[in-house]
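This report refers to the structure that appears directly beneath it.
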Amino acid sequence: MDDNPFFAHVARAVEQTALSLGYSVQVSYSILDPESREPKPRNKMLGAIVLGRFENADVVRLLESQYRHLVYVGRNPVSASWDQIICDGYEATVIAISYLHTCGHKRIAYIGETENEIRYKAYKDQIQTLGLHDDPTLTAVCNQNTAEGGYKGAGILLEKASSMPTAVFCASDISAIAAMRRFREAGIKLPSQLSVIGMDNIELSGYVSPMLTTVGMPTVEMGSCAAQTLINRINKMHRLPSKLYIPNKLAIRESVASLNGAVGDGWHGMYI
């Protein structure tokens with residue numbers, strides 16, 4: 001989690017909100033850590049907040065065996081019957097692709113994961129809806145939550161694209177920033193020859209050159225809502241599983257060039 005700035009910010013907000021309400025976060029760990037799968041005390045802990053997507057049914061069973069109440073926080077809804085705090089990755093991707101289209105881009109590439117990934121589904125849907133170039137060579141599959149993944153994804157795109165896109169949508173800021181480095185190493189000028197847009201609006205995105213245009217997700221609000229929802233659940237203030245959607249915000253900076261003239265004509269940073 002510490003390697004992913006997005007979820008690290010959410011986790012800090014969870015801890016701060018819990019403390020302000022008189023609760024403490026006793027332990028945090030990765031479900032992928034083998035030590036975390038060791039048997040826990042016989043009595044279930046009151047609750048836990050799960051950050052990020054997972055698809056393994058064994059993980060659901062493991063968590064439900066150890067915690068009385070669970071709240072999920074992420075970009076993709078999950079099938080578990082838990083409370084969920086969602087900053088909709090589908091909607092955020094629609095915002096990103098629509099903005100690129102408004103800027104005149106018709107050949108848009110995707111860097112990120114594809115299997116059971118809502119951002120990839122939204123990307124494909126928007127390509128069809130807007131009548132853009134649907135070229136499978138413009139999809140570079142990689143780990144979207146690491147810099148290494150983004151760097152490799154950009155390399156894959158450079159190697160296999162039938163012809164280069166005018167813009168690239170990266171499924172996270174951390175992968176976008178690394179991809180930008182790989183593109184520059186290949187001699188590509190950003191954004192005059194290639195535009196890049198990311199997702200998350202992590203702090204670093206405003207300090208790279210060119211500054212990264214991205215669709216931001218309010219990490220503080222997500223973490224705060226998750227902590228309050230879990231505490232309400234523990235105190236029996238609601239019984240049915242709830243699902244809360246947090247709005248996205250487009251942050252227009254420097255990494256997207258307009259092929260129409262004016263940059264982002266008609267667009268402003270706003271919650272949508």
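The values are calculated or read from the model by the stated rules, or taken from the named source; none is laboratory data. No experiment lies behind these values; they were computed from the predicted model shown. Glycine also receives a Cβ, built like all others from the backbone with ideal geometry; neighbour counts cover every protein chain displayed.
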Selection status of ARG68, part of a strand (DSSP E or B) and of a type in the set (Lys, Arg): yes
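Scan ILE188, ILE156 and give me the residue that is over 24 Å from the mean Cα position of the chain (by Cα), in the same structural domain as ASP125 (by TED's automatic domain parsing) and either β-branched (Val, Ile, Thr) or within 24 Å of ALA92 (Cα to Cα) (or both). Quick ask: steps written out before the conclusion?
On the way: ILE156 fails: over 24 Å from the mean Cα position of the chain (by Cα).
The match here is ILE188.
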Quick check on my filter: what residues within segment 107-123 are assigned to a strand (DSSP E or B), under 13 Å from the mean Cα position of the chain (by Cα) and not small (Gly, Ala, Ser)? ILE111
So, of the residues in segment 64-99 that are of a type in the set (Phe, Trp, Tyr) and farther than 20 Å from ALA227 by Cβ, which turns out to be surrounded by the most Cβ atoms within 10 Å (Cβ to Cβ)? TYR99
Hey, can you tell me all the residues within segment 226-256 that are at pLDDT 95 or above and buried (at least 22 other Cβ atoms within 10 Å of the Cβ)? ALA226, ALA227, THR229, LEU230, LEU250, SER255, VAL256
Within segment 130-144, count every residue that is over 9 Å from ILE111 (Cβ atoms) and either of a type in the set (Gly, Ala, Ser) or surrounded by fewer than 23 Cβ atoms within 10 Å (Cβ to Cβ) (or both). 9
Checking the structure you have, find out if any residue of segment 224-232 is without any contact (Cβ under 8 Å) to a residue 12 or more places away in the chain and either of a type outside the set (A, V, I, L, M) or not in a loop (DSSP other than H, G, I, E, B) (or both). yes
Go through segment 150-196 and report how many residues are in contact with a strand residue (DSSP E or B) (Cβ under 9 Å, 6 or more places away or on another chain) and basic (Lys, Arg). 2
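Rundown of residues vs (1) at pLDDT below 90; (2) closer than 26 Å to ALA11 by Cα, yes/no style:
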| residue | (1), (2) |
| --- | --- |
| ALA80 | yes, yes |
| GLN84 | no, yes |
| GLU91 | no, yes |
| ILE95 | no, yes |
| HIS101 | no, no |
| GLY104 | no, no |
| ALA109 | no, no |
| THR114 | no, yes |
| ILE118 | no, yes |
If only one of ILE177, ILE202, ILE197 is in the same structural domain as THR146 (by TED's automatic domain parsing), among the hydrophobic types (A, V, I, L, M, F, W, C) and modelled with pLDDT under 95, which one is it? ILE202
Considering only segment 47-65, how many residues are farther than 18 Å from GLY223 by Cβ and either in a strand (DSSP E or B) or not hydrophobic (A, V, I, L, M, F, W, C) (or both)? 6
